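Taken together, the values in this text are just the output of simple stated rules run on the coordinates, not laboratory data. All values reported here derive from a predicted model rather than from experimental measurement. Here the Cβ positions follow ideal geometry from the backbone for every residue, glycine too, while neighbour counts run over all protein chains shown.
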Amino acid sequence: MADLKERLLPPRPASAINLKEASHRSYVHGRQHFQSMDVIGLKKRGQGLRSWIRVDTSGNSEIIEVDKFTMMRRCDLPARDLRLLDPLFVYPSTILGREKAIVVNLEQIRCIITADEVLLLNSLDSYVLQYVVELQRRLTTAGAGEVWQPEGADLSSRRGSTNFDDLFGNTSPDYLPFEFRALEVALETACTFLDSQAAELEIEAYPLLDELTSKISTLNLERVRRLKSRLVALTRRVQKVRDEIEQLMDDDGDMAEMYLTEKKRRVESSYYIDQSSVGYRSNDVAQSFSAPVSPVSSPHDGRKLEKSLSIARSRHESMRSSESSTDRIEELEMLLEAYFVVIDSTLNKLTSLKEYIDDTEDFINIQLESKILLIAVKKA
């Protein structure tokens, strides 16, 4: 039986033969190996530091290295939102409005936008560099500081087929808050990339389809099949960006949540009001210890009543400002609608191309059926 087993089973490699001996050695000397391990270096390697491009409200940029948990605390984001920005995973295009940040995942542009800064994953992709340069150009005034320019990056020649400067004006409106200007550049860069992809597909598709109608061959059919698969994938990506913009425009609450500068101003004003109330309270306590209070008329009670009324008025004003943020979403809605028109135009291009492919397939099927019918008639 042992000889039969040896003949039927393949020979074991040397590593498998010595597996038991090696495992025994590692068990015996495991404690010594663990003690000699560089645990501090392992912790540093396990922190997951990533390189980010930081752009502030003045257009200044720098390269920073931040780990995941520090970024979560810095932007007040859950871990699932940071996974959307991970280049190792493929997620559909998403724009999320959070309490202190806007998470943007639009094609190559994966960034976090706050009221004070934009944190963009550092990449050598041309559209990522184009986003940084364009954002700096819109944030900085003419001649006020240098714009961060990567070495050897000729970004002017890498523009897409659609000139968005001519379509929407050369810069973002000055009245837009910082987060919307950064969001606009992200939308423009993503729409530029998708439109350029659609234009390249059109340039390649129409001559190939015309050639297929004149000469039906296996090679041409295979090329059209690959072309159609690329068209379906690109259409899906364009459709997701269009649906994301449309979903934002349909939800007033999500748009109101993205007013980060206004929310930050309300938090700061409420903080100053609380600090002033604490100051008033400390002054009242000091005055109560410094001078006796008459039981007939108490100015402390009058100041206390006035302070309560002022706090109530400030809370009322903050509630009114939060309610008015829902009413004042027209500027963001107009911004989203402008790029909705652009991405919808790109989708129409792809839809027209798909219809042309379907018509070509119908024409080829008619030709093949006529040839088959002609052959059948000749045989009869």
* Considering only the other residues whose Cβ falls under 14 Å of the Cβ of residue 209, what net charge follows from Lys and Arg at +1 and Asp and Glu at -1? -> -3
* From phi via Karplus (6.51, -1.76, 1.60), per-residue ³J(HN,Hα) for the range 345-360 in Hz, x at Gly/Pro -> 5, 5, 5, 5, 4, 5, 5, 5, 5, 5, 5, 5, 5, 4, 5, 5
* Asked: In nm, to one decimal, how far is the modelled label at residue 86 from the one at residue 379, with both set 7 Å along Cα→Cβ?
  -> 5.9
